[in-house]
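What follows is one structure encoded as structure tokens, with my remarks underneath.
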Amino acid sequence: MEGEERRKTRKLHRSKMLEKIADVAKSIEEAIHVDQVVSALHSVAVLVFPVDSSLVLGSIDQLCGEQYIFQERSSAEERSEQWEALYRGGVTFAALARVLLYDDATKWLPSFPASARKHVYDVFFVSGLPSEVIQSLVPCLRRSGNGGADVDAVSSNAERLLVCWLLENNGVLNMAREFDAMFYADGFTHQQLKPLVSRASQLVTSIPDKVQSKAPKALSSHLYFKKVTAQLLSGAEEFEMKMNEKASTSSIINSGGGLLFVGEVFSRICRRGSADILVSELVSHIRKHIGSYLCSNPQSKVAIPLKSMPGSLFWSVIIDAVADPYAVERMSEQLLHHLAKEHTPDEEAYWILWLLFHQSLERNPSVKSIFVDKFLMWKVFQLNCLRWILQVSVFMCPPNDGGQTNGVRSSSVLDTLQHLVEIWSKPEFVQSSPIEQQAYVTAAVGLCMEKVTKEELDSRESLLHSFLPGVSCRLASPNDLIRKMASNVALVFSKIIDPSNLLYLDESCKDEPIDWDFGSTLRKDYVSVKDSNHSVSVGKRNKQAGLESSETKLMEIDEYSDPATLKDGLVSEESDDEKTSNNWDASSESAMLPYDLADDDTDLKNNFSQLVDVVKALRKPDDPDGVERALDVAEKIIRACPDELRHVAGDLARTLVQARCSDLTIEGEEETAEEKRQGALIALLVTVPFESLEAVNNLLYSPNLDASQRILILDVMSNAAQELSIAQVVKPKPQKPRELVSVTSETQPWFLPRSVGPHGAGPWREIPDSESPLNWSYKYERELPLKSSHLKKGKTRRWSQKSKHLPDNCADITQNKFPVYAAAFMLPAMRGFDKKRHGVDLLGKDFIILGKLIHTLGICIKCAAMHPEASALAPALLDMLSSREVCHHAEAHVRKSVLFACSCILIALHPSHVASALAEGNLELSRGLDWIRSYAIQAVESDIDKECYAIAMACLQLHSEMALQTSRALETVETSSRTNILGLPPSNLTKESIIIPFSNIKY
């Protein structure tokens, strides 16, 4: 009966409240003065809230003031019933909100006195039921006009109320308290609360997206979410206290509706891209919580006391409340980045992560998967972040915990290590993963291995089977950083297996502790602009010959390393017994006997003077001294060009390639011997190219050579091509400057400057460019007449790299001798590259040689730049590069070489030659150039390797410049076609097209 009477009473109050609201609406509509509006609203406010009428009385006229005095006052109990009737009466507050926000009250609001606005208008929103208020205010931000109301005025008023209620009066926190009351007092379950919580959180987090551009700054995304997060975190202890009173176990199932609302709001904030703001506030509050405790307890083993601290339970349950896995991942990721950015100490970072995630890592598989799967194998963090991830989710102990690992911890480390190694050891991972991710996973493998003992490793036999292939495939990589990864992991593995016999595959690995950050190399840009002529031996030879060479700077691939240097094993030191046997006793009488040195080693002092003798000496591996003396004089004799050179060139080239110089020289001089052999081979290819190239090209695919010898051949071909392209000759200096191109008509070529200028100006002449013989454009100069203000004739000085010993009437002129031999260098090397022979598989295991071959071909065609021979050889090279097995090779090393060769082709082709090819209908060349553009764009968009991306960008830039200059040359060709100079129909120019960037024109 009491329940029935109570329902009737509530229904009666709701009816009276609706009648009162209707009267207020009518009074406002008929009002002719603002005081009447204030009085009408005051009549409702005093029924619901404890309004102090004296605060409003002084701001209105005397008549309305008398009405205030005679208005009925309600008791506290009555106000509570009226408040329930207004805000929990279904449509009651919605009707009042419509009057306050949309109808005539909005028109009168600017005239309200400040005290009246606060106590009889804003009070309905600030002191109302949060879930009802938010549903009435947010729709006003939609700019949907209603009944002729001023849309901007309605939106501005709603924005003002949201700032006042949500941000200045803790409206978001009050909303969480409301859901808490519904859970604990009204008996709502989580399933009943979820729709209400979801709706309210959606409205709260959507406000920054709906406000006007001129809205208050407090509603901007950054400031708004920061204040909302701070409000919700400020109620941490309050929510935790209620949760402990409800149940003894810490779980989101037993938490109140407030934590459910907090988790939902945090999820939506992360979804809206503001996880960094949320994390910043989160870390700030946690630091206040644990800061004093860590200062008073410097030891790491504080988990149990820290967990029992008041307020600690909230931080672990809040992650359970964020039910969205994506939001948890974004929050965790931003948390790690934030801690690393602030240089947080390892101890503090561990406890922050532990407070938040230790409970979820134990109970929630999805959170565990984020840390041990995504964060260890698919994301890339800094090294200190990686250590924190492992400590919290795998090692499950503080950073400086020196205790023994328990069974659970040991099993977690082994399971994680096995999972990492299985992925790390796959060749596909090395080929297709970015270098940063490879280094990151390698560091994770190494850090886990440092925690494993030999007994634990023996219990997992599959680890050993996965570990060895991973090291082997990395040692075969041409990238120094990837090889260093293998060396570091191999060193850690040897520490576990046999600490007394450590395996040092790299000299840099001897430093302790092991550098898992790899010298911070991952934070730098790998791609650099390098000089293509970077060989030390070539530099020395050019210096001896008095030649100063400079190459066009272009992004190139890494240096190629000799696979012979990657052999496993240690250099054993000489034993003490051997050292003793090598020492002679100074006091011995036999050691002091005189010895005649007059004719000793007479034969050895005789140097070779014939190439035949050099060949014979190189073929005697049992005479290392003879081999050394033959290498000393080989290059000098070859460059002297004796008559016998052409007859023995092929035999000498084969002998030099097959000689094992490093095995025949004393320790420490292997590089010197290799430089001498390489110098002799380069001299051979430069002096007698055709004879020596025939032998070298036959050896390139021979099954009797190893990888280092094939790389030697390609290196020699590259260096010889460069030396031939920068050959210098001495010619008499012309007495009178002459023009580069004689102009016979008024229409000049596009590359010549115009003849306009002051009267008396001399003719244009080309400036020899000593910096780079392979330029897109040419430089010209001419003499200008003196100005009248000059007292004496001026003189222009240009510094050059001319030898002092040349006579005054001579000048050193660079003449490219390589184009004559370009076909002999390139075509035999390209023939049969895709055939699998005995011991040679360029498209398979020998990908390093394939990359080096493509690199050499690119250098060769670049050395023939601006020559018709380059246009003739380019289609054949493009056909090789565009084959699917080459351009889409799994190894980034090969793809970098392809892009480099494409760039060299663009440098080598003269724009006028490309224009002529288009005019003559040469579809092969035009299609090849279009393929370069498409391939470079594809590399920029999808290639995961940073160096491939950078070289592709440079290639696109070169292609754009080539297309632009070709279009200029085509204008001249079209003019010539019209005058029938070429005798070709103009229709041939439209068969193919070259796309010019930033333009709709196609040629």
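The values are calculated or read from the model by the stated rules, or taken from the named source; none is laboratory data. As the structure is a prediction and not an experimental result, all values here were calculated from the model. When we count neighbours, we look across all protein chains shown, and the Cβ atoms used for this are built from the backbone with ideal geometry, even at glycine. Keep in mind that these areas ignore ligands, DNA and RNA; they rest on the heavy atoms of the full protein, side chains included. Shrake-Rupley method; radii C 1.70, N 1.55, O 1.52, S 1.80 Å.
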| remark: Filtering the stretch 361-393 down to residues that are among the aliphatic types (A, V, I, L, M) and closer than 16 Å to Glu347 by Cα yields Leu383, Leu386, Ile389, Leu390, Val392
| task | Quick one: count up the residues across the stretch 855-893 that are closer than 25 Å to Asp841 by Cβ and not in a helix (DSSP H, G or I). | result | 6
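Any residue that is open to solvent by less than 30 Å² (accessible area, probe 1.4 Å), of a type in the set (S, T, N, Q), touching a helix residue (DSSP H, G or I) at 6+ places or on another chain (Cβ under 9 Å) and not in a helix (DSSP H, G or I) - is there at least one of those in the stretch 467-478? It would help to see each step written out before you state the result.
Step one: list which residues in the stretch 467-478 are open to solvent by less than 30 Å² (accessible area, probe 1.4 Å), which gives 467, 470-471, 474-475, 477-478.
From the residues that got through so far, the ones that are of a type in the set (S, T, N, Q) too are 477.
With touching a helix residue (DSSP H, G or I) at 6+ places or on another chain (Cβ under 9 Å) added as a condition, the list becomes 477.
After this cut, where a residue has to be not in a helix (DSSP H, G or I) as well, the list is 477.
Within the stretch 467-478 (the criterion being open to solvent by less than 30 Å² (accessible area, probe 1.4 Å), of a type in the set (S, T, N, Q), touching a helix residue (DSSP H, G or I) at 6+ places or on another chain (Cβ under 9 Å) and not in a helix (DSSP H, G or I)), the answer is yes, since at least one residue qualifies.
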| remark: Selection from the stretch 165-202 of residues farther than 14 Å from Thr229 by Cα, assigned to a helix (DSSP H, G or I) and of a type in the set (A, V, I, L, M) yields Ala181, Met182, Leu193, Leu196, Val197, Ala200
| said: Anything in the stretch 177-210 that is modelled with pLDDT of 90 or more and β-branched (Val, Ile, Thr)? List them, or say none. | reply: Val197, Val204, Thr205, Ile207
| Residues Phe375, Phe357: which one is at pLDDT 90 or above, buried (at least 20 other Cβ atoms within 10 Å of the Cβ) and more than 28 Å from the chain's Cα centre (by Cα)? | Phe357
| request: Output the residues belonging to the stretch 110-127 that are open to solvent by 10 Å² or more (accessible area, probe 1.4 Å), in a helix (DSSP H, G or I) and closer than 19 Å to Glu30 by Cβ. | output: Ser111
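Pull up the stretch 378-394, narrow it to residues that are open to solvent by 10 Å² or more (accessible area, probe 1.4 Å) and assigned to a helix (DSSP H, G or I), then point me to the one that is modelled with the lowest pLDDT. Before the answer, list the steps.
Of the stretch 378-394, the ones open to solvent by 10 Å² or more (accessible area, probe 1.4 Å) are 378-384, 387, 391-392.
Next, only the ones that are assigned to a helix (DSSP H, G or I) stay: 378, 383-384, 387, 391-392.
Working: Trp378: 89, Leu383: 92, Asn384: 92, Arg387: 94, Gln391: 93, Val392: 92.
Ranking the qualifying residues of the stretch 378-394, first place goes to Trp378.
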| said: Looking at the stretch 862-872, can you tell me whether even one residue there is buried (at least 19 other Cβ atoms within 10 Å of the Cβ), in contact with a Ser or Thr (Cβ under 6 Å, 6 or more places away or on another chain) and modelled with pLDDT of 90 or more? | reply: yes
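Using the structure shown, decide if Val840 is under 22 Å from Arg474 (Cβ atoms) and touching a Phe, Trp or Tyr at 6+ places or on another chain (Cβ under 7 Å). Walk me through how you get there before you give the answer.
Numbers: under 22 Å from Arg474 (Cβ atoms): no; touching a Phe, Trp or Tyr at 6+ places or on another chain (Cβ under 7 Å): yes.
Considered against the rule, which asks whether it is under 22 Å from Arg474 (Cβ atoms) and touching a Phe, Trp or Tyr at 6+ places or on another chain (Cβ under 7 Å), Val840 comes out as no.
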| task | Kindly list the number of the only condition in (1) over 23 Å from Val413 (Cβ atoms); (2) open to solvent by 30 Å² or more (accessible area, probe 1.4 Å); (3) outside any loop (DSSP other than H, G, I, E, B) that fails for His343. | result | (3)
| field | Members of the stretch 424-444 found to be crowded, with 19+ Cβ neighbours inside 10 Å and more than 22 Å from the chain's Cα centre (by Cα), listed by number | value | Ser425
| query | Ser248 versus (1) at pLDDT below 90; (2) of a type in the set (Gly, Ala, Ser); (3) assigned to a helix (DSSP H, G or I): which is the lone unmet condition? | reply | (3)
| Among the residues of the stretch 638-650, is there at least one that is open to solvent by 30 Å² or more (accessible area, probe 1.4 Å), acidic (Asp, Glu), over 25 Å from Ala476 (Cα atoms) and at pLDDT below 90? | yes
